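The values are calculated or read from the model by the stated rules, or taken from the named source; none is laboratory data. Values in this document were obtained by computation on a predicted structure and should not be read as measured data. Using ideal geometry, Cβ is built from the backbone for each residue, glycine included, and neighbour counts are taken over all protein chains shown. Surface areas here come from the heavy atoms of the whole protein model, side chains and all, with no ligands, DNA or RNA. Shrake-Rupley method; radii C 1.70, N 1.55, O 1.52, S 1.80 Å.
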Amino acid sequence: MNTIGVLTSGGDAPGLNACIRSIVRACTYHGKRCVGIHNGFEGMIAGEFEDLSNESVSDIIRRGGTLLKSTRSTRFTTPEGRSHAREQLRGHAIDALILLGGDGSFSGARAFLAEHPFPLVAIPKTIDNDLAGTDASIGYDTACNTAMEAMDKIRDTAESHNKIFFVEVMGRDAGFIAFRSGLSVGAEAIYIPETHNNLDHLYSLIESNQAGRQHSILVVVAEGDEGGGAAQLAKDITTRYPHYDARVSILGHIQRGGSPSCADRVLASKLGVAAVQALADGFSNVMVGDINGEVRISPLSHGVKRRLNVTPELSQLLRILSA
Ligand code: F6P
C-alpha cells in the first residue's frame with residue numbers, strides 16, 4: 001500500500017479539517033502518499049483528486065467545514081457510479097481509502113466494498129452522533145456547544161420577559177444534541193424522537209406562571225421529534241393557552257459550522273492517526289471509533305444508525321433538574 005485516498009462525504013461537521021490534517025500527517029509519518037478526493041463520492045466518480053502534503057494542511061485544525069468539500073452523492077448509489085469510482089481509483093494509483101462519513105456514507109461504502117473489495121477504513125463524523133461503533137462522532141461536541149451558547153442567549157431574553165421559547169436543534173432521527181445541550185442549559189423540557197412526548201410537565205409550568213410564578217421556560221425540541229418540531233409544539237401550546245405568548249427559534253445550520261471544540265479536535269486527530277495505522281496494519285472494511293477514551297476498530301457493518309438510549313437514570317436526571 002503506497003497511496004491513501006481520503007474523502008469527506010455527507011453533511012459537514014466541525015472537526016473534519018482537523019481529521020484530514022491528522023490523516024495527512026500520519027501518512028507522512030508512515031511514508032505514504034496521501035491524495036485528497038474532492039466532493040465526496042461524486043468527486044471520486046469524476047476523478048477530482050489532489051495530492052496533499054503536511055504544508056497543504058497547515059493551520060486547518062481550527063477551521064470548520066471541510067477543505068475537501070462534501071456531497072451527498074446519488075450517483076454512488078448505483079452500481080455504475082461505484083464502478084466508475086473504482087476505475088478512477090485504479091487510474092490514480094490509489095490503493096486504500098479513508099472515508100469520513102455518517103451512516104449514509106458508511107452504507108454506500110459497504111455497497112462499494114461488496115462489489116469491489118478494497119482496503120477501506122471509515123471514520124465516524126456527524127453532528128447528530130447517531131452512529132454505533134463510537135461514543136462520539138466528530139462534530140457532535142461542537143454542535144452541542146453551539147446550541148448551548150445560542151440557548152444561553154435566548155434564556156437571557158426569555159427570562160427578561162418571562163416568556164416561553166421553543167428552540168429547535170438539529171438531529172434528524174436522534175435526540176443526542178437536544179438532550180445534551182438541553183441538560184447543559186437547564187431546559188424545562190426536552191422533546192426527542194426516542195421518547196413519547198408528555199406535555200403535562202409543561203402545562204403545569206405554564207399554569208403556575210399564569211398563577212403568579214414569573215419565570216422563563218426553555219423547551220428544547222429535536223428536529224426529528226414526533227411532535228412536528230418547535231413551531232408545531234408552540235402552536236399547540238398557544239391553542240391551549242391563547243393568552244400565553246410563545247416564541248420559536250430554529251437554530252439550523254449554525255450547528256454544523258464553526259471552529260471545532262477542543263474535544264472534537266482531539267477526537268478527530270486521534271481517529272485520523274488510528275485510521276492510517278489500521279490500514280498500515282492490514283485492516284480493511286472497518287471503522288475506527290472512540291469507546292471509553294480508547295480507539296476501537298470494529299467491522300464497518302457495526303457502523304449503523306443508533307438512537308439515544310434514554311435509560312431510567314437519564315429520565316430521572318431530567319425530571320430532577322427541570323422541576
Ligand atoms: O445529519 C446531519 C444533519 O445536520 C441533520 O441534523 C439534519 O437533519 C441534516 O443533516 C440536514 O441536512 P442538509 O444540510 O442536507 O439539509
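What the table below lists for this structure:
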quantity	calculated
Efficiency of FRET between ARG247 and ASN2 - r from beta-carbon atoms, R0 51 angstrom, step 0.05	0.35
Antiparallel %, DSSP beta bridges [both residues in the range 1-124], to 5	20
GLU226 versus THR28: modelled label distance in nm, points set 7 Å from Cα along the beta carbon direction	5.2
Contour minus Cα-Cα distance for ILE291 and ALA93 (0.36 nm per residue)	67.9 nm
Karplus 3J(HN,Hα) series, Hz, for the range 66-81 with 6.51 cos²θ - 1.76 cosθ + 1.60 (x for Gly, Pro)	9, 3, 8, 6, 8, 9, 9, 7, 8, 4, 6, 7, 9, x, 5, x
Mean-position separation - Cα centroids, the range 1-43 and the range 96-123, in angstrom	13
Prolate/oblate/rounded call for the range 146-241, Cα gyration tensor, a/c under 1.5 rounded	oblate
Accessible area of the range 1-106 belonging to carbon and sulfur atoms, whole % at 1.4 Å probe	46
Rounded if a/c under 1.5, otherwise prolate or oblate - the range 1-91, Cα gyration tensor axes	oblate
Cα centroid separation, the range 244-290 to the range 206-227 (Å)	31
For ALA122, distant residues with modelled amide H under 5 Å away	LEU99, VAL286, MET287, VAL288
Förster-model FRET efficiency, 30 Å R0, CYS262 and THR157, C-beta, rounded to 0.05	0.55
Tilt relative to the chain, helix 16-30 - C-alpha long axis, 0 to 90 degrees, to 10	30
Distance-filtered residues of the range 6-24 - backbone nitrogen under 19 Å, label point 7 angstrom along ILE254 Cα→Cβ	12-15
Radius of gyration, Dmax [the chain; alpha carbons; angstrom]	21.9, 73
Descending semi-axes in whole angstrom, ellipsoid equivalent of the range 192-310, from the Cα gyration tensor	44, 16, 13
